[in-house]
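Visitor: Please see the structure below; I have some questions.
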Amino acid sequence: MTIKLIAADMDGTFLDNHGEYDQVRFAKDYAALAQRGIQFVIASGHQAIELATTFTDYPEMWLIGGNGAELWQRAVGLTATTFSPAATRQVLAALAPYPELQIALCGTHKVHVLTHANPQFVANMRDYYYQLETCADLTMITDPVVKFDIICPPAMTDQLVYELTPKLAGIAVPASGGQGSMDLIQPGMHKGRALKQLGEQLGISADEMLVFGDGTNDLEMFHYATHAVAMQNAPANVQANATAITGTNADNGVLAYIEQHVLA
């Protein structure tokens, strides 16, 4: 296969269970890919601006953030598509009947959570997002919103997706990141769309792309790219949509696959 672009999800895929990656091994593989003219792209639910701080040693790397709503490269800058203020209000109104939900409004630079939100949720969001601010009322936030990050009781996840999908039709799409978490993303704003957009910019087709993921929010990326690799730690429905399976995120499954099937 001829590969010109490799895209990898972050959490549960490229990063290990401690949120880290083998920097020495990646630097070697990244240099080898660059020598072959192969782009390496990160496609994540994280903000692009935060991803940029993680990969400061790779200024030419393209980053897909906000589950596909953001596209960033240092020389080009940030392109982001956001919810309209009216859509943001409609989403918050739809979420209001669910007091058990913990909600974060994610902008391109700041993320907002309620002052009285669960302290553990706030701590987790601070670990996950670059710049977090608390507020008394999410409906008062005027920053453009890229997505909604929601934490819920794990047993409630599937039912919540089922209920919110028709309620938010045409406004927002629930994208489960696993039991207990989901994003509400803009219709059509997913990793697959961003990958297609980037490919058109770079002159790279879907059959020249290799993608890695572990969650249902990676499926649009799997469906767009010809070569889709699921992590061994991915749920069965994600693995069923892949063309190959690699090791777990804890075992450097992404780098191992690249070394064996692209760089060998």
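Visitor: Given the C-alpha centroids of segment 30-45 and segment 1-25, what is the distance between them in whole angstrom?
Guide: Between the Cα centres of segment 30-45 and segment 1-25 lies a distance of 10 Å.
Visitor: Take the solvent-accessible surface of the protein heavy atoms, probe 1.4 Å, and return the percent of it on the chain that carbon and sulfur atoms account for.
Guide: Values: 6010 of 11560 Å².
That share works out to 52 percent.
Visitor: On to the next question. Just the C-alpha atoms of segment 102-252: what Rg/Rh do they give, with Rh taken as the Kirkwood radius? The partial results should precede the final answer.
Guide: Details: Rg = 16.8 Å, Rh = 16.9 Å.
My calculation of the ratio gives 0.99.
Visitor: For a test of understanding, tell me how many lysine pairs in the chain have Cα atoms under 27 Å apart, given they are 8 or more places apart or on different chains.
Guide: Summing the qualifying lysine pairs gives 12.
Visitor: If you don't mind, another one. Find the accessible area per residue for segment 141-264; the probe is 1.4 Å, ligands and nucleic acids are left out, and the unit is Å². Don't skip to the end; give the middle numbers.
Guide: Working: 5060 Å² over 124 residues.
Computed with neighbouring chains in place, this is 41 Å² per residue.
Visitor: To the nearest 20 Debye, how big is the dipole of segment 1-117 about its Cα centre, given +1 on the beta carbon of each Lys and Arg and -1 on that of each Asp and Glu? Let's see the in-between values first.
Guide: Working: 7 positive and 11 negative charges, 76 e Å.
Value, rounded to 20: 360 debye.
Visitor: Within segment 1-77, which trypsin sites (Lys or Arg not before Pro) sit in a loop by DSSP and count at most 11 neighbouring Cβ atoms inside 10 Å? Before the final figure, lay out the partial values.
Guide: Working: sites: LYS4, ARG25, LYS28, ARG36, ARG74; in loops: LYS4, ARG36, ARG74.
In loop regions of segment 1-77 (DSSP not H, G, I, E or B), the sparsely surrounded trypsin sites (Lys or Arg not before Pro) are ARG36.
Visitor: Let me ask another. So what's the angle, to the nearest 10 degrees on a 0 to 90 scale, between helix 23-35 and the longest Cα principal axis of the chain?
Guide: Taking Cα atoms only, the helix is inclined about 60 degrees.
Visitor: For all pairs of alpha-carbon atoms in the chain, what percent lies in each bin of width 5 Å, listed from the first bin to the last filled one?
Guide: Going out from 0 Å in 5 Å bins, the chain shows 1, 6, 13, 18, 20, 17, 12, 7, 4, 1, 0 percent.
The values are calculated or read from the model by the stated rules, or taken from the named source; none is laboratory data. Given the structure is predicted, the values throughout are model-derived calculations rather than measurements. Note that each Cβ is placed from the backbone with ideal geometry, even for glycine, and that neighbours are counted across all protein chains shown. Surface accessibility is based on the protein's heavy atoms, side chains included, excluding ligands, DNA and RNA. Shrake-Rupley method; radii C 1.70, N 1.55, O 1.52, S 1.80 Å.
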